[in-house]
Amino acid sequence: MDPSPAENAFCDTSGGKRRDGEARNVAKRIPKATDSMRSHMYSFTSRVRYSEIGQDGRLTIPALVDYLQDCTTFGSEELGLGPAHTAKTGLAWLLSAWEIEISELPRFGEKICVSTWATGFAGLRASRNFTVRREGDEAGAAPLVRADSSWFMFDANKGRPVRTPKEESTPYLEDARDDAPLDLPPIPRMVRVEGEGVAACPITVTGAHLDTNHHVNNAQYVSLALGVLDEGEVRLPCTLDVHYSQAAKLGDVIYPHIHRDEQAEDGRAATVVTLDDEAGKHYALVRIR
């Protein structure tokens, strides 16, 4: 997980090493601005690469999700709580749900700033906001993407969720204390679907789907779900709701089911893709509205 805040924080774009021919990533923790406006946001800048765009020349939604989770991982790494820490302690922040509001996706070559900040801890849960904006939009007046997310701490040694140890939450508390959450509706606690839906071709999990936790990566579920929809079925602006229920591992078979003509809580028409195991239990559920 990571730290961060407000849409109005400045994202420094000076310095940094080239990762490829033109793209440059610059990551930093945003310093405190004033006594009345403090910010502990973690941000990094990048340039949209050709490998990240679709046929329309814009960043794909799975690549967007990669940017969001990379931002939180970079921030945790800077605090000394990154993948190496997870491997040592067995404690990992696992994502349970996204709510991603997409106004526009950036085009190839555009420079963007991705930001994140913790917004609260309650019981077993923690929440975190994100924004993606064009590099020149320093005030965050027109964010391309706003997102909320829900996390829980998992102890791999015990094989179950646990209350967050103080040493794991303290580094993020400045975010929750100093930076207000985005004005977004709450993440739905549950997304229901009617009937069995339309079955798509089953997918066998390979090594290419896995991350360092040895299960299917969060962004991969989104990619698999969108991949079974018809071309042009996802139109912007839209909101993406993603709920994770269980982890798919190497060799598991995922059975996608498409549920069209659903209705969301806000009354909008929605399409839902469930990614299920053989018994019909969800690995993940992706809703586009």
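The values are calculated or read from the model by the stated rules, or taken from the named source; none is laboratory data. Keep in mind that what you see is a predicted model, and the values were worked out from it rather than measured. Don't worry about glycine lacking a Cβ; one is built from the backbone with ideal geometry, like all the others, and counts go over all protein chains shown.
Any residue at all in the range 142-154 that's farther than 30 Å from CYS238 by Cα and either assigned to a strand (DSSP E or B) or at pLDDT 90 or above (or both)? Yes, there is a match, as at least one residue in the range 142-154 is farther than 30 Å from CYS238 by Cα and either assigned to a strand (DSSP E or B) or at pLDDT 90 or above (or both).
Kindly provide the set of residues from the range 248-280 that are under 16 Å from VAL205 (Cα atoms), among the charged types (D, E, K, R) and not in a strand (DSSP E or B), ordered by number. Answer for the range 248-280, where residues must be under 16 Å from VAL205 (Cα atoms), among the charged types (D, E, K, R) and not in a strand (DSSP E or B): LYS249, ASP252, ASP277, GLU278.
Out of VAL162, VAL145, I need the residue that is of a type in the set (A, V, I, L, M) and closer than 26 Å to GLY54 by Cα. Which one? Lay out the reasoning, then the answer.
Values: VAL162 fails: closer than 26 Å to GLY54 by Cα.
Of VAL162, VAL145, the one residue that is of a type in the set (A, V, I, L, M) and closer than 26 Å to GLY54 by Cα is VAL145.
Restricting PRO165, PRO143 to residues that are surrounded by fewer than 15 Cβ atoms within 10 Å (Cβ to Cβ) and not charged (D, E, K, R) narrows the list to PRO165.
Residues are listed down the side, and each one gets a yes or a no for (1) surrounded by fewer than 19 Cβ atoms within 10 Å (Cβ to Cβ); (2) under 24 Å from ARG146 (Cβ atoms); (3) touching a Cys at 6+ places or on another chain (Cβ under 8 Å):
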{"position": "PRO161", "(1), (2), (3)": "yes, no, no"}
{"position": "VAL191", "(1), (2), (3)": "no, yes, no"}
{"position": "GLY195", "(1), (2), (3)": "yes, no, no"}
{"position": "PRO202", "(1), (2), (3)": "yes, no, no"}
{"position": "THR212", "(1), (2), (3)": "yes, no, no"}
{"position": "HIS215", "(1), (2), (3)": "no, no, no"}
{"position": "GLY227", "(1), (2), (3)": "yes, no, no"}
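Does the range 161-168 contain at least one residue that is under 17 Å from THR116 (Cα atoms), free of Cβ contacts under 8 Å to residues at least 40 places away in the same chain and of a type outside the set (Asp, Glu)? Checking the range 161-168: not a single residue is under 17 Å from THR116 (Cα atoms), free of Cβ contacts under 8 Å to residues at least 40 places away in the same chain and of a type outside the set (Asp, Glu).
The set of residues from the range 135-158 being under 20 Å from the mean Cα position of the chain (by Cα) and either among the charged types (D, E, K, R) or not assigned by TED's automatic domain parsing to the domain that holds PHE44 (or both) comprises GLU135, ARG146, ASP148.
Per-residue answers, yes or no, for (1) more than 30 Å from SER169 (Cβ to Cβ); (2) assigned by TED's automatic domain parsing to the domain that holds ASP155; (3) surrounded by fewer than 19 Cβ atoms within 10 Å (Cβ to Cβ); (4) in contact with a Leu (Cβ under 6 Å, 6 or more places away or on another chain):
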site	(1), (2), (3), (4)
HIS40	no, yes, no, no
ARG47	yes, yes, yes, no
TYR50	yes, yes, yes, no
GLU78	no, yes, yes, no
ALA84	no, yes, yes, no
TRP93	no, yes, no, no
ARG107	yes, yes, yes, no
LYS111	yes, yes, yes, no
ALA122	no, yes, yes, no
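For THR73, the conditions (1) polar (S, T, N, Q); (2) part of a strand (DSSP E or B); (3) more than 26 Å from THR274 (Cβ to Cβ) are fulfilled apart from (2). Given the criteria part of a loop (DSSP other than H, G, I, E, B), surrounded by 17 or more Cβ atoms within 10 Å (Cβ to Cβ) and not assigned by TED's automatic domain parsing to the domain that holds GLU265, does ASP183 qualify? In short, no.
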